[in-house]
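Notes for the one structure printed next.
Please treat every number below as a calculation from the coordinates, not as lab data. If you're wondering where the values come from, they're calculated on a predicted model, not measured in any experiment. Quick reminder, even Gly has a Cβ in these numbers, built from the backbone with ideal geometry, and neighbours come from all protein chains shown.
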Amino acid sequence: MDSGQCPAAPPGTSYPDALQYLLSFADFERSGRFQDRPDVAPMLALLQRLGDPHLGRPTVHIAGSKGKGSVAAMVDSVLRADGLTTGLYTSPHLHSYTERVRINGEPVSEETFARLTGALRPAVDAVQAELGERRLVTFDLLTALAFLAFREAGVRAQVVEVGLGGRVDSTNVFPAKEAAVITPLSLEHTAVLGDTIEQIAREKAGIITPGCVAVLAPQPHQAAREVVLQAARAAGARVVDVAGEYRWRRLAHDLRGQRIRIEGPRGPIEARLPLLGAHQIENAATAVATVEALAPALPRAGLRPAPTGARDGWGGAIVRGLESVRWPCRLEVLRERPLVIADGAHNRDSAGRLREALRDYFSCERAIFIVGASSDKDIAGLAQEIAPVAGAVIAARARHPRAMDPALIAAEFGRRGVPAEIVDSVAGAVERAMAVAGAGGVICLLGSLFIAAEGREYILGCARE
């Protein structure tokens, strides 16, 4: 196939048809059943059939347990602010699958999504016939679709977020890349990635390739840090240690954002970040470290000159990029009276950060929490972190097929002395919380991105997939 062209889609392919086709494959996100694989050979075979659409442009590849989506969005925003046409691939989505594939910050259209899905099918059929017992999965196809979209749009740089783990993730298909970023690591998906922080770190560090720059975000676990550093040394990758080379702090904040200062080897940056939380300042420092590490590679790719200063050139792009980033459902204020906040906190560490942010950014000592979670989440750990600031909990039943039984959530909070009730829908939980909270109260949706997204959809009227 011509490496610059997509095959024609079957006539009549619609967006609902495309989704039905994609979800007919094994899908860990929806079923929770992980299809074990020793390597990414099926994904590489599919990409080869498509003319290797993932190659030929600078790549930033991001893995981690927390913050990887936020860092990806920030890096993409900075590259766009410097005038590059970018492709951004993230998961999961909030309201539509199209959000996962963005060109210049905008989701691809449903028509483009459907057309590219149709274009995938001949290659998928051919690869499936070759694989024998090994099978492609939904995330393989979504990832390939993203690379097709990037090639078709002529993007000049791509930012790719890992789906699960790193080593055998569908996105880990690059023989070389400009930057591999490891955001904070914690225990997650232990049934798939391993039950120790060292095992999880080895899986995440699997995205580091020879000769790339490995950007290491501040790590809460020293053991994880050591594993990543060892992997970088083995790959001959230069390490940018964000905690060692950068300093950051908040200067001011309100309900819609915060003014921050980041100091690094190339000088200070001050910007208004439209995302709240101390962890987002840390994420911003990691994003700045990434784009500054990336800068020398861009002239070699014929893109832009190296950074020239904080007020113009690349430094100005960093400021503009941070100030224009959008990343919903991360301490997002959906309404001010009562104050309604949506956050994707889903494990012990992220719940602890949320608790700190509620006190620090909103002066909140008691809130009503609408809680839902995937069936594999550590709801006990989340409850332990949230209970000290929980006046009440409404356990909600989400639409997601992997949603945890809300009775289990209510029972976990009840064991910690937090009054808890069960509501059969997120929309109903929002209405109940508003009735209880009154105009001066604080309501927070958490436990998973799909709970936060459903609440956001109900309050703001966002469209579903």
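Taking a label point 7 Å from the Cα of residue 407 along the Cα→Cβ vector, which residues of the stretch 418-435 have an amide N closer than 15 Å to it? Flagged as within label range: 421-424. Taking packing as the residue-averaged number of other Cβ atoms within 10 angstrom, the listed peptides 422-433, 134-145, 234-245, 284-295 run from highest to lowest as 284-295, 134-145, 422-433, 234-245. Contact order, relative form, for the stretch 332-460: 37 percent (alpha carbon pairs under 8 Å, 6 or more residues apart, mean separation divided by residue count). Within a straight-line Cα-Cα reach of under 19 Å, residue 177 can be paired with the following aspartates and glutamates, leaving aside sequence neighbours fewer than 8 residues apart in one chain: 39, 52, 76, 161, 169, 203, 241, 292.
Only one residue of 186, 239, 175 has its Cα farthest out toward the positive end of the dipole of the stretch 132-273, where Lys and Arg carry +1 and Asp and Glu -1 on Cβ, and that residue is 239.
In this rough spin-label picture, where each label sits 7 Å from Cα along the Cβ direction, the residue 223-residue 245 distance is 2.8 nm.
The GluC sites (Glu not before Pro) of the stretch 90-181 that DSSP puts in a loop, and whose beta carbon has at most 10 other beta carbons within 10 Å, are 133. Panel note: the C-alpha atoms of the stretch 332-460, placed on their principal axes, show extents of 32, 27, 22 Å (largest first).
Calculated FRET efficiency, residue 337 to residue 457, Cβ-Cβ distance, R0 = 22 Å: about 0.65 to the nearest 0.05. Over all distinct Cα-Cα pairs of the chain, the Kirkwood formula returns a hydrodynamic radius of 22.6 Å. Candidate cross-link partners of residue 377 among the lysines, defined by an alpha-carbon separation under 27 Å and a same-chain spacing of 8 or more, comprise 66, 68, 204.
From helices alone, the chain scores -12500 deg cm²/dmol at 222 nm; the rule is -39500 (n - 2.57) for each run of n ≥ 4 DSSP H residues, then divide by the residue total.
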